[in-house]
1. Which numbered condition in (1) touching a residue at least 60 places away in the same chain (Cβ under 8 Å); (2) in contact with a Phe, Trp or Tyr (Cβ under 8 Å, 6 or more places away or on another chain) is the only one that K349 fails?
2. Does region 159-179 contain at least one residue that is acidic (D, E), closer than 25 Å to E312 by Cβ and either in a helix (DSSP H, G or I) or modelled with pLDDT of 95 or more (or both)?
3. Among the residues of region 376-393 satisfying the criterion of being closer than 28 Å to G149 by Cβ and among the charged types (D, E, K, R), which is surrounded by the most Cβ atoms within 10 Å (Cβ to Cβ)?
4. Can you find even one residue in region 250-269 that is among the basic types (K, R) and in contact with a Ser or Thr (Cβ under 9 Å, 6 or more places away or on another chain)?
5. Out of the residues in region 127-141 that are part of a loop (DSSP other than H, G, I, E, B) and in contact with a strand residue (DSSP E or B) (Cβ under 9 Å, 6 or more places away or on another chain), state the one that is modelled with the lowest pLDDT.
6. Just the residues that are touching a residue at least 60 places away in the same chain (Cβ under 8 Å) and either more than 21 Å from H184 (Cα to Cα) or out of contact with any His (no Cβ under 9 Å at 6 or more places or on another chain) (or both), please, taken from region 119-162.
Amino acid sequence: MKLTIEQIRRRIAVASKRESADLVITNGKIIDVFNLEIIHGDIAIVDGSIVGIGNYQGKEVVDAKQSYIAPGFIDAHVHIESSMVPPQAFAEVVLPHGVTSIITDPHEIANVAGQDGISFMLHESENVPLDIFFMLPSSVPCTSFENAGATLHANDLEPFFVHPRVLGLAEVMDYPAVLQGEEHMMEKIAAAWKQQASIDGHAAGLSLDAINVYRSAGISTDHECISPQEAMERIQRGMYVLIREGSVAKDLSSLISAVNEKNARRFAFCTDDKHLDDLLTEGSIDHNVRLAIKQGLHPLLAIQLASLNAAECYGLKQKGAIAPGYEADFVLFDDLHDIQIQQVFKAGKLVAQHGKMVQASSRTKIDIPTNISHTVHLPKIKTTDLQIPIMESKANVIGIEPNSLVTHHLIQDVKVKQGFFVPDTENDQLKIAVIERHHLTGNIGLGIVSGLGLTDGAIASTVAHDSHNLVVAGTNDHDMFAAIKAIHHMQGGLVVVKNQNILASLPLEIAGLMSNRPYEEINNNLNNLHQALHQLNAPTLFNPFLTLAFLCLPVIPAIKLTDKGLFDVTTFQHISVSVL
């Protein structure tokens, strides 16, 4: 933030009580995130910033009526695209939950549309009532073991570093490229160093020696910890740990015991990937805070993680606290042990109240460029293209761990007919395919998945981390084929098929990842999809679509599927489905 001399003089005039503030908040219990105390006093606000706590006169006065006042919450790492709504709608969804700032990584749309995808997200996040900061995608494509829609090198990213809302380089997930000093990766990291920018990590399953390598490269955060021990190891080596509670990866309950008053300043909260329906029902970072308190973390400490810590991690010097010199982003609530956001102020303006935006947006449809609205390019596909040859009865199988990004590498006996795998619902062995949808390569990766639980039909999606090819899983080839056709026709989205009939669908016309419709309509479509899944006898303990999306992510152990085939993450090589 740049201030003129006149702006500074006005702040001083109000702080010294020579002039009245624009807004004064009275009768509130102010949460001091520095000392972890509750203090009392008027909050004086000028030009959207706090200039004093004490006794003040204001042109406008708001009586907090003894509510608690906390800094606005900050999501330290989130992919907006995972909500399936663009930035304006995302702001309307999370602001009522007390989230006033986010640090987003447009990694998903960049893997589909490259620089154009990043530019689209930057443009669509202008002039929204939520502060949206960006980290630039470091891994497009995610790895060399799959085909994405684009390739981004350092020279493609460098022009974006000068944007005032770009804070650094996003999650570096290609650890082998860092370890080996691969040229393109070194150039991206060096570009971030040149700008003195932050560099995020993605340290899933990495050893202590590997963390040393990451830290030596300047990587300072990790949101992939799954145990207190991993969290402590990263803290010991100077990293920030971002405790994630998303729609699939729910790590908070496992990690929160690692947080104490000695090390808490190195922890923050994030959602990473969270679906729209979960954001609307559970909330965002406010859900992390409530869950942390329920797990035994002191409420003031939980609020510190959700505000000040995230701000300091990313160098947001005027955010994260209720104090003079900080932006007037704050929330009001009544119960410190069950935080339900009542009011949200952004830059000193009331923007949300009782779970809703104070002023609804005009919601004009976005003008989507053709290269972002038409991104599903498929060759002619036949049902025979979905057949999996099996030499013997044993096969390498992807084993699902419910509500986790991690999978298990199973070796199982499978049903074979005339030399080809036959889905077996009794033993929960289904067919899965990843079809390259960006460059008409004709690549179709085929595999077997256990744990998805469908007993009929098929499901398909273009939300398939991180290259976002078309992924489909099902109990038979004909329903899988029908699902593929439906996705192609919609130019991206989610679909449920049974007996070759579409039971429910959600078009995602923005890069196959987001919808241009009002978020209420999108949420209704998601509910219809969940109802349709019941007709396939899908499990209710986890979201099959979210799980399907991460079965394609070849940087999380242990075995995944890409458009190039079955991939062993532990050995970083493709393997055959059939056990030879």
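1. (2)
2. yes
3. Keep residues of region 376-393 that are closer than 28 Å to G149 by Cβ, which gives 376-388.
Filter once more, keeping what is among the charged types (D, E, K, R): 380, 382, 385.
Working: K380: 6, K382: 9, D385: 16.
By that ranking, first place goes to D385.
4. yes
5. Among those residues, the one meeting the criterion is S139.
6. Passing the criteria: F120, E124, P129, L130, D131, F133, P141, T143, E146.
For every residue, the table says whether it meets (1) surrounded by fewer than 23 Cβ atoms within 10 Å (Cβ to Cβ); (2) closer than 19 Å to L546 by Cβ; (3) touching an Asp or Glu at 6+ places or on another chain (Cβ under 7 Å).
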{"residue": "E426", "(1), (2), (3)": "yes, no, no"}
{"residue": "I432", "(1), (2), (3)": "no, yes, no"}
{"residue": "E436", "(1), (2), (3)": "no, no, yes"}
{"residue": "G451", "(1), (2), (3)": "yes, yes, yes"}
{"residue": "A460", "(1), (2), (3)": "no, yes, no"}
{"residue": "S467", "(1), (2), (3)": "no, yes, yes"}
{"residue": "V471", "(1), (2), (3)": "no, yes, no"}
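Let's see how each residue does on (1) farther than 21 Å from P369 by Cβ; (2) without any contact (Cβ under 8 Å) to a residue 40 or more places away in the chain:
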| site | (1), (2) |
| --- | --- |
| A64 | yes, no |
| I74 | yes, no |
| H79 | no, no |
| M84 | no, no |
| Q88 | no, no |
| G98 | yes, no |
| I102 | yes, yes |
| H107 | no, no |
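The values are calculated or read from the model by the stated rules, or taken from the named source; none is laboratory data. The shown structure was predicted, so the numbers you read here are calculated from the model rather than taken from an experiment. Neighbour counts run over all protein chains shown; Cβ positions are idealised from the backbone, glycine included.
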